[in-house]
1. Considering each residue of the range 19-48, count those that are within 24 Å of F115 (Cα to Cα), surrounded by fewer than 16 Cβ atoms within 10 Å (Cβ to Cβ) and of a type in the set (D, E), and give that number.
2. Show me the strands (runs of 3 or more DSSP E) found entirely inside the range 97-186 where at least 1 residues are surrounded by fewer than 20 Cβ atoms within 10 Å (Cβ to Cβ) and more than 13 Å from the chain's Cα centre (by Cα).
3. Check A147 against each of (1) of a type in the set (G, A, S); (2) touching a Phe, Trp or Tyr at 6+ places or on another chain (Cβ under 7 Å); (3) farther than 23 Å from T70 by Cα and name the one condition it does not meet.
4. Can you say whether L53 is exposed (fewer than 11 other Cβ atoms within 10 Å of the Cβ), out of contact with any Asp or Glu (no Cβ under 9 Å at 6 or more places or on another chain) and aliphatic (A, V, I, L, M), as far as the supplied structure shows?
5. Test T70 against the stated conditions and say whether it is modelled with pLDDT of 95 or more and either hydroxyl-bearing (S, T, Y) or surrounded by 17 or more Cβ atoms within 10 Å (Cβ to Cβ) (or both).
6. Which pairs do you get when a residue that is more than 10 Å from L181 (Cα to Cα), found in the range 127-147, comes within reach of a residue that is assigned to a loop (DSSP other than H, G, I, E, B) and at pLDDT below 95, reach meaning Cβ atoms under 6 angstrom, with the pair 6+ apart or on two chains?
7. Among the residues of the range 121-165, which ones are farther than 25 Å from D31 by Cα and among the polar types (S, T, N, Q)?
Amino acid sequence: MFSSDNPLSGCQLIRLSQETTILPFTCGDADLDEFLMNDAKKHLQYLSLVTYLLESSEKTIAYFSLANDTIQYSSIDDFWEEMRDNLNIEKYAFLKGDRNFPAVKLARLAVHKDFQRNRIGEHIINYLIHSFTQNNKTGCQFITVDALNNSDTNKFYCRNGFQYFTNNDSVLPTRQMYKCLLAQVM
């Protein structure tokens with residue numbers, strides 16, 4: 001996941017299981033901390049989310065949770081206008097008539113407060129992009145996220161190539177965003 005010149009190269013990425021002992025973690029957001037410690041394993045049991053941990057020998061450096069998602073063609077008109085303009089998505093014959101586009105939802109992403117602002121979130125997003133464009137096992141054309149609606153979070157996702165589906169949610173607690181993976185492979 002990380003190159004040898006990265007200070008986190010000794011860390012390991014593991015898929016959370018019921019048997020996993022979660023090492024200490026706090027990101028400064030009580031909801032994200034509580035999710036990891038109290039809810040992530042429950043989601044495994046009900047097959048609703050899969051959580052991955054980036055760990056050192058002493059603590060959880062970061063975690064992210066993934067779920068299957070879909071984007072429906074008619075659901076967000078502004079989004080599709082942009083897709084048509086930017087990717088000319090309709091020129092691909094196999095996509096014509098398709099009304100549902102497969103996506104993965106980045107349901108949670110959090111970095112331990114001691115490691116924030118070290119590009120770990122960016123490394124995780126790049127890892128996901130690579131995973132779904134190079135080793136795609138299910139078909140995935142987009143990464144979606146319901147990002148916390150605050151300045152730092154919005155800047156982070158925009159800096160990493162995510163775009164807003166719409167501006168209609170600009171005053172809500174979360175903003176729906178997407179990153180098109182088709183642009184990575186076309």
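1. Qualifying residue count, the range 19-48: 4.
2. The strands (runs of 3 or more DSSP E) meeting that bar are 100-111, 174-180.
3. Looking at each condition in turn, A147 falls short on (3).
4. Against the criterion (exposed (fewer than 11 other Cβ atoms within 10 Å of the Cβ), out of contact with any Asp or Glu (no Cβ under 9 Å at 6 or more places or on another chain) and aliphatic (A, V, I, L, M)), L53 does not qualify.
5. On the way: modelled with pLDDT of 95 or more: no; either hydroxyl-bearing (S, T, Y) or surrounded by 17 or more Cβ atoms within 10 Å (Cβ to Cβ) (or both): yes.
No.
6. Y127/M1
7. Once the filter is applied, which keeps residues that are farther than 25 Å from D31 by Cα and among the polar types (S, T, N, Q), the range 121-165 yields S131, T133, Q134, N135, N136, T138, Q141.
The values are calculated or read from the model by the stated rules, or taken from the named source; none is laboratory data. Because the structure is a prediction, the values reported are computed rather than measured. Neighbour counts run over all protein chains shown; Cβ positions are idealised from the backbone, glycine included.
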